[in-house]
1. Given the Cα-Cα distance of Phe663 and Ser185 and 0.36 nm per residue of separation, how much length would full extension add, in nm?
2. Suppose R0 equals 51 Å. What FRET efficiency, 1/(1 + (r/R0)^6) with r the Cβ-Cβ distance, do Lys538 and Ser718 give to the nearest 0.05?
3. With the Cα gyration tensor of segment 679-808 giving a ≥ b ≥ c as the square roots of its eigenvalues, does the rule (a/c under 1.5 for rounded; else a/b larger than b/c for prolate; else oblate) give rounded, prolate or oblate?
4. Rolling a 1.4 angstrom probe over the protein chains, ignoring ligands and nucleic acids, what is the accessible area of Val691 in square angstrom, nearest 10?
5. Just to be sure I understand the model, the point goes 7 Å from the Cα along the line to the Cβ. What's the resulting Ala630 to Ala289 distance in nm?
6. With all protein chains present, calculate the accessible area of Trp236 using a 1.4 Å probe and round the result to the nearest 10 Å².
7. Going by Cα centres, segment 695-717 and segment 816-848 are how many Å apart?
8. Using a 1.4 angstrom probe with every protein chain in place, what is the largest-first accessible-area order of His735, His862?
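The values are calculated or read from the model by the stated rules, or taken from the named source; none is laboratory data. Keep in mind it's a predicted model, so treat the numbers as computed, not measured. Backbone-built Cβ (ideal geometry, glycine too); neighbour counts: all protein chains shown. For the accessible areas, the whole protein counts, side chains as well, though only heavy atoms, and no ligand, DNA or RNA atoms are used. Shrake-Rupley method; radii C 1.70, N 1.55, O 1.52, S 1.80 Å.
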Amino acid sequence: MNLLSKISRLISAGHKEAIKIVYETIKKKSLAQTSRELEFEAKRLARRVAGAGNRKVLEPKLAKPGSKISSEDHNDNMEAAFIDLNALYKDTGSLGNIQSQQRASIIDAFSKARAAILKLINDARTFAIRSANPEFDDVKVINFNIANNRAKSSPAALVDPETRLLKLPEIGKRRAHLRRRGLRSSVISVEVIAQGRQGKLSTQFKPENAVDAKQESFWAEVIYTDAVYENKYSRWSPNPDGSMVDTIKGPIIKFKIDFGGSEAINQIKILPFSNFPVKVLEITYAPSASSALRKPIPNFIKEESLDWMEFNFEAVFASDIEIVFAQESYRTFIVDVPKNLLYSSDFMSRFFSTRLEEFSQNIPNLEDIRVGGNHNIYSEALQDLDTIADFYELEKLPSTEIDLAGKSILSIGESLARFDPSLKPLIEEISSYTDQNPIKNDDIVTLKKFEYVIGAREIETNFVIYSPIGFYESDKLQPAATITNIQIEVDERHPEFRSSTGPVKQTSTEWSIELAEDREVPIFPANHADENGLLPVKGELLDIDPDTNVGYSRLQSQLSYVLVREDGEMLASDEDYDVVWDDTTNGRLKITINSDRFHRNKTYTIDYFAAQSAASIDVLSNFKDKRIPAPESFSGTGPENDISLKYFPYVDYSIINSDDFEFSDTHSAYEYTAPQDPYDVGLARFYPLWVDSSGSVISGATGQQYIVSGIPGVGNTSGTPDWTSIDQSYLSEPHAYYIKISALPGHIYKVTSIDSSTQLTLEEIPSIYTGVIGENIPESQFSGNILTGTTPPLSGFITVPYSLEVVYEAGDTTYGFDNVLYEPIEVSVGGIKAKNITSYTDLEQPAFTISPSNDGEYEFIHDGKKLYFNQAINSAEILVNYRWMTKYAKVKCTLRTTKLVSPTITPQVNEVRLLLNTTII
């Protein structure tokens, strides 16, 4: 009779095992003599645990002050503590050792807590990638374990909750693997290729369980061998190296689903069951029931995993599907067995039955760990044991009584700390107390067995129709500071197809990064570079304007080379289309399909090589910093005299580190000093656009020019200009020459070139109000008839004093002339300007120099989005003005297939890695 069969199902597996050990200890110690007494002890233990209601069993019995605890109470305490700790050891060990202890119970528990575990995996993955890419300041990993699709556009791409792949949205799905589908039914068969002996696992976990659409059931085979043997599998299609035979150091299993008729299939999904990753060597199908030859599914690639695997391919019609599994990882069992037991009974059959029970034992509810169940048992049990051990003297027990305290409890505690999945040290420890008659070594036989487990919790064979397009947007990822450089790496898979001109991709992904609502830049995955360092773009959908037959590459091109395909077939260059490097789009390719070739109902794709800049986005070169539309307002500071800004203020380190700027304590800002003195020799003649008082250009006016001429001056402006004598290196960024009309404040114009000693070219034609003549500019410096004439042509120019100066350009701000101060952040408190004492150069922040009293003088230190003040502010408005460059990082993707009608293929994205460099603060 199985005494544990009477124990409530509510008792966890850990509690059951603890009861077994305590029961066997009682039995071996002969504390209960008869079978009736033994049954009574088993029932007592079961009732004690069940009565606890999945709470801790131990209720400490403590000695009265000044006396010792009795042996009976001590034994009772130790028995209950052992049951509690052993149960927690089993359950928490399951959480910590999923890979090495992956039985049915563990897999289900893993599924229940998957979200939390995947978050930990994601964090570990981020840490590993960051360690491998030290040149980047920040790393964000999107592997769809915990990522959601935030796309605002429709249709949204699908994040598959099972395989955790990003795919095109599914429009319809038909499942061919179900055993009963209307008038059809499927037949499942398994063929094992192995040297050794099969266990009894598949008698309980049958192959049909893998296709029943229930993840709580599974199919599994277990094979035991005396050594690691090689098995060979003859393939139907060659490996990448051309070989037709796979040599596997372990068992091979062919799993076949016979559909009972021809079925359309384009997707196979597999969730393995094992204690180690399972290999999928090959997947083949029979086109018909009478076919003697099998065909591999298109685009098959070997995979090895314990997680979901998905194979997507162009639809095939199959009468059956055969999946070939292999397992090369094993667990080793070393068992010391008395000779008389080994040879007088079928020991191996009993061993296999024992292993079967271990696989099929009741599943511990690990949800309790999260919601406070077993976690409370664990913490409370340890507290109670601590109380017993530290505050009461324990009476020494006779050797004939149960003593599970000492090394047993210590062993359990150490194992808990290490999350050791093996109970062997515990069992050995208890055995050391209970073995009364040790067997001589000569009577012991040591058996060594290698155990291989292969199975599947779920196998799906589906026919899926996808949407031809799907949109994906990640969450708004917050960097550590302003982003300056971006790369992405993408792990994705695209099915390829054969054409008369070679393999062709019929799916594509288009990646971009959004840095703010109005800032988005396309990007090419850096890890997709070829062996020559080029960036090959393949199968990009070309958006053709049907009126002009013109389309553009999405990215800037490295070469003026392109392949154009029409519905997958290559077109002839110059004959069917023309391609030019388009300067107006910074090097994108402009493709024009010839009018006699173009058809609006056909799909056009292009292959080309993207420019190197497409894989590494220099944010500071692509965008300019922007001032926030209105100052941020705060009514007071937080508990650390701080406020938090909405965005990261952009700190322009090119200014801070420039020799042209120096920090001014007087202004609490960086002050610009031009690298050379202004040049103002002679006079400058301007040919402006003349405007009236309303700002409208006067009609009929002519002679407007970008040209400024140098004219000899007299008196205070004597001399002839020689503009070629000034340093022309300042015509390049970040410097520039600007010319200012001395008598007209605000009339400052950028010089694009110095053409000769007396000629400059401006970036724009100056615009001047006619009313300044005779007011700001003497009439003697004006020539023309625009002031008095009524009949065109009307014209006029001015010859005036000027100043030609070197300025510093940063974004849309020019430093020079009257604007010479750079402040990263401008703060006022109650209308009083606060002083920024942040040390942006070495980040060694000084102490506040003003005492933290309410004296109306304020200092602050800038740290990311935080500003820290020298004193609390409670009754004054704080206004903060600053400029920003990036607000966040959002990864966006458009998934496509070129087959627009009932597409059956999809790109599959497994992981996206966002690699960022940021400013220092």
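1. In short, 163.9 nm is gained.
2. It comes to 0.15.
3. Prolate shape, in that a/c is at least 1.5 and a/b is the bigger ratio.
4. 20
5. Between Ala630 and Ala289, the label points sit 7.7 nm apart.
6. 100
7. Segment 695-717 and segment 816-848 have Cα centres separated by 41 Å.
8. The ordering from most to least exposed comes out as His735, His862.
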